[in-house]
Amino acid sequence: MTSEIQEKGKRAKAASYVLNIKTTSEKNEALTKIAEQLLIDQQAIIAENAKDLANGEAQGIPASTLDRIMLNSERITAMSDAIHLLVKLDDPVGNVVERIEKDNGLQIEKRSVPLGVIGMIYEARPNVTVDAATLALKTGNAVVLRGSSSAKFSNIALVTSIHRALAKTAVPTDAVQLIEDTRRETAKELFHLKDYLDVLIPRGGKALIDLVVNEATVPVLETGAGNCHIYVDEMADYIKTEKICLNAKTQRPSVCNAAESLLIHPVWFQTYGTQLLTALQEAGVTIIGDANVCQAFDAALPATEEDYATEYLDLTISVKLVENVYEAIEHIHQYGTNHSEAIITEDQVVADTFLHSVDAAAVYHNASTRFTDGFEFGYGAEIGISTQKLHARGPMGLPALTSTKYFIYGNGQIRV
């Protein structure tokens, strides 16, 4: 008996071949219809979302997670608006990346093409359902979505709305598939769906990402966790430092590009450390510090090795004194997640040492880590932030959802 995942994977694969020949205009029309349909269906979507929220409250799901699950008229309108912005972005499919003309007259073109079928496994946030589906369609990819049980009714309602919209267009409804069975066993089946999936993208916490990376036989585009650091150098300007640290930690602490660890030069700390930590504390941040920090700042709680490796995703930050930029880099390489790392300093030589030495997808000089985002980078949208090095790294906009293909044009040439 064919499983739900096998059947929906097969449908998505067939739809991907149809999508491959759709024009940018046809794809944009489909996206516009989805944006309109979401607004038409918003009351039905909100009603289904209420079921998820009620189940979550009954199960004791934290308020921060419930907030990520929650959909209202404002958030659905924001989804629709984002799709309209996506329509305006250039379609990367078909771009000529490289052109070669051989002496024998062969014309070789390297062009961007869709990946094919994208598998997306994610937690809690139903907005990812719409983001992933529309980004995939814009780039000519079919998508198989597998959300978590905490947003099951919301995801079904959103995909139902997407299917209603696609039924009015040249894009096949089978191009967007949702796995409604949210059991762990079905997720593992998705990890091995090599016959139908071309790539698998996990989006969620470290545990989910590690599980997919370690178990999947489908190629994985890893969107990693964000244990992001800020190194405050001896030559850091205080006003910049306070502004950047407060923004990176408190502006939206539950996201992967928020700062989780603060590394400070002892000389700078001696002059400004208490002032900075007080500002963070007054903003609601819990300080977890090493012995030196705890001695100087009474409100700090003692840090453990586990703290330095923790992505808190809330108003908590670990603080450690380091002797120089090299010790900061060593600490980051030991505990970081290759996501986003920042240095605050007026010394350009030290800044360059940090920027060139730290192994991360995004490195910052005198700016908040919160900018690691597809919209902020000018991509308009993203399907995740890659912390790996193959195929894509950093915010993954539309070009990251394409591969390449060689087109060779001849006139009877043969190889001798």
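The values are calculated or read from the model by the stated rules, or taken from the named source; none is laboratory data. Everything quoted here is computed from the prediction, not taken from an experiment. Glycine gets a Cβ as well: all are built from the backbone with ideal geometry, and neighbour counts include every protein chain shown. Just so you know, the surface numbers come from the protein's heavy atoms only, side chains and all, with ligands and any DNA or RNA stripped out. Shrake-Rupley method; radii C 1.70, N 1.55, O 1.52, S 1.80 Å.
The Lys243 and Gln59 beta-carbon pair, evaluated with R₀ = 41 Å, returns a calculated FRET efficiency of approximately 0.55.
Rounded to 0.05, the FRET efficiency of the Glu330 and Lys168 pair, given R0 = 41 Å and the Cβ-Cβ distance, is 0.10.
Put a dot 7 Å past the Cα of Asp103, heading toward its Cβ, do the same for Ala14, and the two dots end up 5.0 nm apart. The share of accessible area on the chain that comes from carbon and sulfur is 50 percent, using a 1.4 angstrom probe.
Of the beta bridges in segment 1-150, as assigned by DSSP with both residues counted there, near 50 percent are antiparallel.
Which three semi-axes in whole Å describe the equivalent ellipsoid of segment 96-166, each the square root of 5 times a Cα gyration tensor eigenvalue, listed largest first?
Those come to 39, 12, 8 Å.
What the Cα atoms of segment 337-413 give is an Rg and a Dmax of 17.5, 63 Å. Taking Lys and Arg as +1 and Asp and Glu as -1, the other residues whose beta-carbon sits under 13 Å from that of Pro114 total +4. Note on segment 261-312: Kirkwood hydrodynamic radius from all Cα pairs is 11.4 Å, rounded to one decimal.
When the trypsin sites (Lys or Arg not before Pro) in segment 172-219 are filtered for DSSP coil states and for at most 15 other beta-carbon atoms within 10 Å of their beta-carbon, the remaining sites are Arg183, Lys194.
The alpha-carbon atoms of segment 20-107 define a convex hull whose volume equals 161 cubic angstrom per residue. Its residue count N fixes a reference of 2.2 N^0.38 Å for segment 1-54, and the Cα radius of gyration divided by that reference is 1.60. The residues of the chain have, on average, 45 Å² of accessible surface per residue, using a 1.4 Å probe with all protein chains present. Annotation for segment 383-416: trypsin sites (Lys or Arg not before Pro) lying in DSSP loop with at most 15 further Cβ atoms inside 10 Å of their Cβ are Lys389, Arg415. Helix 42-58 and the longest principal axis of the C-alpha atoms of the chain enclose an angle of approximately 50°. Estimated at 0.36 nm per residue, the fully extended path between Lys206 and Tyr409 surpasses their Cα-Cα distance by 68.4 nm. The convex hull of the Cα atoms of segment 1-156, projected and averaged over all directions, covers 12.4 nm².
Taking each DSSP H run with n ≥ 4 as -39500 (n - 2.57) and averaging over every residue of the chain yields -12500 deg cm²/dmol at 222 nm.
Calculate the translational D of segment 169-235 in whole µm² s⁻¹ from Stokes-Einstein, where the hydrodynamic radius comes from the Kirkwood formula applied to all Cα pairs, the temperature is 20 °C and the viscosity 1.002 mPa s.
For the chosen part, D equals 148 µm²/s.
Pair-distance distribution P(r) for segment 269-384, from all Cα-Cα distances in 10 Å bins starting at 0: 12, 38, 38, 11, 1 percent. Normalised by 2.2 N^0.38 Å, where N is the number of residues, the alpha-carbon radius of gyration of segment 156-276 equals 1.63. Multiplying each eigenvalue of the alpha-carbon gyration tensor of segment 371-416 by 5 and taking the square root yields semi-axes of 36, 12, 6 Å, largest first, rounded to whole angstroms. Among the listed pairs Lys10/Lys405; Lys33/Lys88; Lys22/Lys168; Lys27/Lys389; Lys27/Lys168; Lys51/Lys168, those whose Cα-Cα separation exceeds 18 Å are Lys10/Lys405; Lys27/Lys389; Lys51/Lys168.
When you restrict to C-alpha pairs under 8 Å that are six or more residues apart and normalise by the size of segment 109-226, the relative contact order lands at 29 percent.
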